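Visitor: This is the structure, below, for whatever I ask next.
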Amino acid sequence: MAPAMTCPDCGAQIEDADDLGAGRRVHRLTLDDTGSVTVVNDETVTLWHCENCDLVVGFS
């Protein structure tokens, strides 16, 4: 089993899926060398946040 992650905001231990809340789904972005942003319309990710303080701690 992987070690627990500590939320950098509130210090809560995130040990399994019950310690995370699924946030909204967002589109993946790409940035080019000039700083232009392109939305990848056919790819989305789910933001995962700390169940204790709501800080986004990852995505999948």
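Visitor: Pull the list of the chain cysteines that no other Cys approaches to under 4.7 Å, Cβ to Cβ.
Guide: none
Visitor: Restrict the search to region 1-55; then list the GluC sites (Glu not before Pro) that DSSP places in a loop and that have at most 13 other Cβ atoms within 10 Å of their Cβ.
Guide: Counting only loop positions with at most 13 other Cβ atoms within 10 Å, the GluC sites (Glu not before Pro) in region 1-55 are 15.
Visitor: Can you run phi through the Karplus equation (6.51, -1.76, 1.60; θ = phi - 60°) for region 31-37 and list ³J(HN,Hα) in whole Hz, with x for Gly and Pro?
Guide: 10, 9, 5, 8, x, 5, 9
Visitor: Going toward the positive end of the dipole of region 1-53, with +1 on Lys and Arg Cβ and -1 on Asp and Glu Cβ, which of 34, 52, 5 do you reach last?
Guide: Sorting the options by dipole projection puts first 34.
Visitor: For the chain, what log10 I(q)/I(0) values come out of the Debye formula at q = 0.24 1/Å, with one point per alpha carbon and no solvent?
Guide: Each listed q corresponds, in turn, to -0.90.
Visitor: Can you work out the accessible area per residue across the chain, with the rest of the protein chains kept in place, probe 1.4 Å, in square angstrom?
Guide: Here the residues of the chain average 77 Å² of exposed surface.
The values are calculated or read from the model by the stated rules, or taken from the named source; none is laboratory data. Values in this document were obtained by computation on a predicted structure and should not be read as measured data. Reconstructed Cβ throughout: ideal geometry from the backbone, glycine too, with neighbour counts over all protein chains shown. Heads up: the accessible areas ignore ligands, DNA and RNA and are worked out on the full protein's heavy atoms, side chains in. Shrake-Rupley method; radii C 1.70, N 1.55, O 1.52, S 1.80 Å.
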